[in-house]
Structures are given as structure tokens and as C-alpha cells.
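Following: one structure in C-alpha cells, then a few remarks.
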Protein chains: 2
Amino acid sequence: MVRRNFIFDTIKSVFRKYGYQQIETPAMENLSTLMGKYGDEGDKLMLKIRSNKSLHDFLLEKHPDEYSKNVIEEFFKLYGYEWLPRASERALRYDLTVPFARYVVMHQNEITLPFKRFQVQAVWRGDRPQRGRYVEFYQCDADVVGSPSLLNEAEFIMIYDEALSKLGLKDFNIKINNRKILSGIADVIGKSDNIIDLTVAIDKLDKIGLDGVIKELLEKGFTIEDIEKLKPVILLEGPNDIKLQSLRDALKDSTIGLKGCDELQTVFNYIANCPLQNATLELDITLARGLNYYTGAIFEVKTNEVAMGSIGGGGRYDDLTSMFGLPNLTGVGISFGADRIYDVMDELNLFPSDTNQTTKVLICCFDAEGETYALPLLHSLRQNDINAELYPAGAKMKKQLDYANNKNIPYTIVIGSDEMESGLLTFKDMASGLQERLGVKEIVERLTL
Amino acid sequence: MVRRNFIFDTIKSVFRKYGYQQIETPAMENLSTLMGKYGDEGDKLMLKIRSNKSLHDFLLEKHPDEYSKNVIEEFFKLYGYEWLPRASERALRYDLTVPFARYVVMHQNEITLPFKRFQVQAVWRGDRPQRGRYVEFYQCDADVVGSPSLLNEAEFIMIYDEALSKLGLKDFNIKINNRKILSGIADVIGKSDNIIDLTVAIDKLDKIGLDGVIKELLEKGFTIEDIEKLKPVILLEGPNDIKLQSLRDALKDSTIGLKGCDELQTVFNYIANCPLQNATLELDITLARGLNYYTGAIFEVKTNEVAMGSIGGGGRYDDLTSMFGLPNLTGVGISFGADRIYDVMDELNLFPSDTNQTTKVLICCFDAEGETYALPLLHSLRQNDINAELYPAGAKMKKQLDYANNKNIPYTIVIGSDEMESGLLTFKDMASGLQERLGVKEIVERLTL
């Protein structure tokens, strides 16, 4: 919890800094809101809430004719499942995007556009639990709706840079592409209808190499001539501005392709004015992600310090809310892969050992007299905003020190008869084992540092 | 969200200061963990998750004989409900206490006793939504298990005092009673078996007065003689130590009653060493709450500033985990009534207007040139940890200022051609309407204050 909170609190603080407002939606949505939005697999894995109405009552209501009534009654008499539920009307949220779209449509008259919201909540999927796959897990999303400005794209790049840098990541790439460039590439070889095959093949460049990509393209019906035209685009190299110039040359006959280049250029110009801390912004035309969904920018974040899949992604979409009857509302959003970020930070040892979430000092005493002596000290530590505990009198000293060790409490104060007489308490650094005799004022000072 | 977070963050920080660790449990528990723990009403209102297995498959598995197979197939052919679910095996958590008990039993070999945990999570009840009753709402609990020391009771009083004072409450009573005193009172009139009738009647003193209480006691079979003995106890007055002395006199023949007095005295002694900020600690023997549940201390918190039910409560219980096969584990806990605290703070206007959760300044510009000019300023504000936004170029100034007003952004910076030429930007306090022309450095300084 302490570590997960550290990640979420850091990301949230950056979202807020950039003007995003937190919303939360209820865990349950109407079944009709969610069904059909995530494909067959999603419909199946969605966790549905049982209604309290029995199947028996439901069937009788639906089939009031005499014949059906007899069949139904006979059936239930035989099998006795009067307690069986009918179909549910609600389900647990499956992601944060669809509930957000529902929220925007429902509150369209109250929200001010552009609407910048972030959301960090659990989602549920009824999969069999396995390594890295949980029935309940957290998503962490930010989106702007109602603003076509590319400033938003630039700000998301800055948010990734600032949040991941704050978490201690030193070297990571924010990859950017644009759906319009992918359309342009398909355009210039006259294969707009095969854009999916094309991007799926190009996307594998890293894994299967150029030869593999060419083989796959030939299999999918692309000609040698098509592939010759594609080669310079696929093998794009160098800094972003060189890549962009090569793209402009290759896409000079595609209006949409050039539009994509212009959009990327605008985003790069914004970023030039606000230097990134640790991120490298990389134009990567092999990046496709949920292609059918995105209409403009496409993002993905990868760390270079640990072998790990993408730790974030997103893009611009133009039809988030049309499924709920509100068309033409443009949006752009990103999400952080919190579980993978956790694993990266764990491997790189980036979690701070000293957080303000845990107890800093445990006061130990031998008896009720020591306990009474300890109370004003405890009170004074807490008045100085130091997280402190007093172990209730009566336990053996070993048990008290074990408690401190088990809870990773870094300091202990021991109060025995010597200590009460002299006013000098035994202050112990649990990591080094170093003990000192200090007065109350010195101890408070030491812990306030 | 901003206001709710303010309440929860404040309470959480106090829990941590006192050495409590946050835990979260999954939203879903096994149905068998939850059923039967909250009475018939609870079993009914509990939200159960539908299993993905169809009723069709479930019935066929259960009734493999040829005759049943035909009946079942015929039935489903006729009514077509192949998609119907069988009974669920999981349900959404109904409160935080039962999942916590399950957690303690499950992790009994890993946790260090005393185990001090807090938990702030949603719970679900399938009630028809109505004013003040929601299907999904938050509970906010802290408990210690495995520590019989009354220091814990004293610390909970301090936690209430510190958290509610931090939230801005100036005058509230923390009422304390002890189950053993209530037992003692029933004891001295020889009516131990009627303790429930007795406490239910006494509990109404505020509402129906002494005459009403006497009437109810007579109806429940208490004698005039009983009532004469009870009167001095019911009408207890004065400061806590006077009340306690009167109780000791009245309960002098009850071992358990005197034990209750001793326990209260111990708690009062602890508190005497750690003065409370704004709370009044009040011995109130009419306080019973979930009587069957509590075995020692009973708490309840009421504000004196607003007419409102209790904003917190709790007590000591000795059998939290016995329902899961781990008997004799003592516990004591409290909970904060976050929804009511919200209403109290709202009525008393206690929510801070300036939280660090919202945007502090909006930069407005007329065109793309202004936008480019604004970027380094935006960057510099954020580097100084000021929550800042830049409205994307292209919108009318009125729309931009409306955006600031709708989002309660307290300051705006306007960048027009004059401003870019002179380097003096128009800085506006949105509340007072006051405008000044300031340089970038001055603006950053002004906002950092």
C-alpha cells in the first residue's frame, strides 16, 4: 500500500499541476452501458451483478400464458431452483474510458470544455487470476475532451516526463506517432484499405527485422513495388527533425500524410519551449496501438533501464462519446501502467526507504510507571508531526523491539528506571544498532531533522 | 472529490501519525465469507456477482440422468435462456469489518500483534438509492487487534480529537461508556438477563425524559424498587470524576461494574497526560450502540456546532475473528462518519478555499504568437510547483475567463501584443477583479507566497 500510494500520489500531483481534476465514477455501471464495448471477450469477462429477482418470477412475468405457466411451474417443482437469479442489470466497471464517456455525456450541460479529468480507480475482469493478471486492478488515466489544440498532446508528453522523473526514472523514451501519417503511408502506395495489414506488419520491425516485415507484406498482397516505396519510411533514422523531413518527402503526394507531419511538427515546437527532464521524445512510425480507435497522435512510453513492456500509452480519438449519442467530441488521453511502473521501480530500487507513511519511532517501557512517564514525550513527538507509537506496558523488551523491526520502525526509545531518574533516555538507531542517552528535547530535534 | 479527499487525507495522516498502517482488501469476497454476518437484511442487500457458468450447463452437470436431460433441454429450447447464470460465489464487500476479520485470520502468521490497521474504502449495499443512502459509499475505520491495553482506547480518543480539530471542528463531545458498567447496573438490580431492555430504555433519556424512561422500564417488567435504585445512575451529573465516583458507589456490589469503573479511570488518566485540543471527553452511561458486539469501551462522537447525528463511533470487542475460527482475539476500533463530517464542514464553511488540488493560475492569450510567448512562463510556474494551465490559442477571451471562473481558478494572466512588447503581463485577481501589470519574475513570486 505504502509503495503503491507513493506511485499514485506522485502521478496525481503532476496531473493536478497541469490542471486536471480528479473524478471518480461508481464501481457499478448499467449493463447496457458496458456490454458490446469491449468485444466478445470483454462481454464474457465482465463481472455482472446478480439481481434479487428470482428466475422463477422473471419467467412467469415474461410468459404469462397458461401453457408456459404450467411448464415453468413444473420445471421449478422438479428442479427446485426458485432461488436462481435472473440476468443482472448492472456490472462492475471494466476500464475507466467507457464510464468516463458515460460521465461526459451525462454531465454535458454542467462541465466546462475543454474538460480535463484524471481518474485512478480499480477495474474488474473475471479472468482466472494468474501472474500479472488480477481480477481487480487499478488504472490511472488522464483525458481532455473538447479541445482540438495540439498543446494537449505536448502537455501529456510533459506530464509523462515530469511524473516518471519524479518517480526516479532516469532514462525512458516517449514514442510518438500520428494516425494521419500511417494513413498517408497507405495512401501513397494506393492501399488505404489495407492500412491494418500494413501497420500490423510494420509494428513487428523490432521483432522480425526488415526481411520478416517484407515477407509478411508480400503474403498480405503488397507488391515488390509497394515495398520499395515503403522501405525509406520503415527504415527512418536519425533525430526527429530529420525523420520528419524524410517523411514529408515520402508523403508529399498525400494530403492527410502531410497533415500528420504538420501535427507532429507543432507538438515538437511546443516541447522545444519546455525542455524535458529525463525523457527522450522519439518519432516512431511503427507505433500503432489501438489503431482503429486513435485518429491523431499515438503515444507509448518505454523505459531503457529495465526490460519491460510499455509503461504508458494513449492518443487522440474523435469519437469517445458517440457510442452514447454525443458525436464529434474530440479527446486525447494517456494512461500510466502502474503495475509495470511498480516492477520497474522495485528492480531499480527507487522506492524511498523513508516515507512519511510509516512510524518513525517506537517508545518502549518496562512497566506502567514507564508508560506514564512516556506519555508526555509521545504527545510532544506527535505535536511535532512525528509519527510515533508507544508500546503498551507489560510486554517483554524483546517483543517490543521485534515489533519495531517487523514494522521497519527506524528508531526506538527505551524508558527504564535509570532513564526516568536521569531524564536521559536510551535512543537507538535500529539499522546501525547505535545507542545514545539523550534528553527529550534532543530526541525531538533529532527526529525532526 | 477535492473536498472528500481533504477529509480522508486529514484523517489518514492522523492514523499514520499514531502508527496505523493502511490496508485495502479486494472489493469482492467469497459469498460464504459475507453471508450470515449482517442478518437477513444484509444477506438480501448484499450485491452478488454472477458466475459465468450458464444455468443450462449447471443443471445438466447436476442432473446427468436421461430423463432430466430431456426435460432441461426441452425447457431451454422453449424459453431460450441458455445465457442465464447460476448462483454467484462472490459478493461485493458490505462493510470493512468482516473483510478485515477475514484478512487477520488469513494472515495470522505474518502480522505482528498488536496489529494496528486503518482502511478507507467503498462498501456496497443494494438498497434503493434515497437521500443520504447510497448503493456505494465510503467507510473509514481504524482498529487494533491483539492488545488488551487501555492505552489503545485513550489513543482513539486522541485520534478523534486531533483529526476533527484538524478538519476545523471547534466544539465536539467524545462520549465514552463501558459495557461492563452497563452489565454492572443490570447486575445490582438482579436483572442481568434484561440488560438489553434496560439499555434500550436508558438510551432514550435525551428524547423521552426521565418519566418516559420509567414508563418504558415498568412496561418491560422492572419494579418500582428497581427504578429507585437506577435513578441516581440514570441521572448522573457533573464532571467525569464526580460521575465515576457516583457510579462506584452505586455499583459497589458488582465486581464487573467496578471493573468497568476502573477501566474508565485508566483511560481518563491517560488523557490527563495528553490534553485534548477541542474535544470534551464525556462519560455517558446512556451510550449503548451495538451492545451485543462490544465488551469494553463504547465510543460516540457528536458535534455541538450543528444539529447532526453521531459523526463517529466504536468500541472494544473480544470476538472479531471467532466467526472465522480464530477465537479470543481482542480488538478495539473506531470509525469516522465521513458523509456526516462532510455535511458538518459544509454547514460551518470549514473547507479551505485554497487547496493545492486545484489550478492556481490560468494563462490566457489571443493567438498562436501569444501561446508561444506563454510557454516558458507556464514551464517556469510549474517548475515552482504552481498548478498552472495555459488555455489553448484560438478561443475568445470571454470564453477563457469563463473557464477560469467555472473552475474557480483564482488568478489569470493575459498575454496580448502590448504585454509581449513591454514584458509586463496583465495579472488579474479573479475574486477582487484587481488587475496589475507585472513581470514574469514578480508573477512567480506573487504565486509562490
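The values are calculated or read from the model by the stated rules, or taken from the named source; none is laboratory data. Since the structure is predicted, the reported quantities are computational estimates derived from the model, not experimental observations. Quick reminder, even Gly has a Cβ in these numbers, built from the backbone with ideal geometry, and neighbours come from all protein chains shown. Protein only, heavy atoms only, side chains kept; ligands, DNA and RNA dropped before computing areas. Shrake-Rupley method; radii C 1.70, N 1.55, O 1.52, S 1.80 Å.
List of remarks:
- Cα long-axis angle, helix A:97-106 against chain A (0 to 90 degrees, to the nearest 10): 80 degrees
- Rg to Rh quotient for region A:114-171, alpha carbon positions, Kirkwood Rh: 1.10
- Rg/Rh (Cα only; Kirkwood hydrodynamic radius) as it applies to region A:292-449: 1.31
- In the frame of its principal axes, region A:273-367 has Cα extents of 72, 35, 29 Å, reported largest first.
- Set A:K116/B:K398; B:K207/B:K231; A:K77/B:K37 screened for pairs whose C-alpha atoms are more than 25 Å apart: A:K77/B:K37
- Ranked by solvent-accessible area (1.4 Å probe, protein heavy atoms only, all chains present), the residues B:D319, A:D418 order from largest to smallest as A:D418, B:D319.
- Cross-link table A:K191/A:K252; A:K441/B:K170; B:K396/B:K428; A:K407/A:K428, entries beyond 19 Å C-alpha to C-alpha: A:K441/B:K170
- Size of region B:217-296 as Cα extents on the principal axes (Å, biggest first): 44, 27, 25
- Relative contact order [Cα under 8 Å, 6+ residues apart], chain A, whole percent: 14 percent
- Taken over region A:11-80, the percentage of Cα pairs per 5 Å bin, counting from 0 up to the bin with the maximum distance, is 3, 12, 13, 10, 10, 13, 15, 8, 3, 3, 4, 4, 3, 0.
- Reference-scaled alpha-carbon Rg (2.2 N^0.38 Å with N residues) for region B:282-330: 1.42
- Cβ neighbours within 10 Å from other chains - mean over B:13-22: 6
- Compactness of region A:85-235, taken as the C-alpha radius of gyration over 2.2 N^0.38 Å, stands at 1.42.
- Considering the rotation that superimposes chain B on chain A, the residue of B whose beta-carbon lies nearest the axis, and that distance in Å, is B:R50, 2.
- Region A:147-302: mean projected area of Cα convex hull, nm²: 9.2 nm²
- The residues of region A:83-234 expose, per residue, 40 Å² of accessible area to a 1.4 Å probe.
- Counts of other chain beta carbons within 10 angstrom of each beta carbon in peptide A:374-385 average 3.
- Rounded tilt (10° steps) of A:66-79 against the dominant C-alpha axis of chain A: 40 degrees
- Kirkwood radius, region A:385-449, all distinct C-alpha pairs, inverse of mean reciprocal distance: 12.5 Å.
- B:S254, B:S380, B:S417, reordered so the largest accessible area comes first (probe 1.4 Å): B:S417, B:S380, B:S254
- Largest-first principal axis extents, alpha carbons of chain A, Å: 93, 78, 46
- Counting every C-alpha pair in the protein assembly as shown, the share spaced more than 39 angstrom apart comes to 55%.
- By the Kirkwood approach, averaging reciprocal distances over each pair of separate Cα atoms, region B:135-203 gets a hydrodynamic radius of 15.3 Å.
- Calculated [222 nm] ellipticity per residue, helices only, for chain B: -13500 deg cm²/dmol; basis is -39500 (n - 2.57) per DSSP H run with n ≥ 4, divided by all residues, nearest 500.
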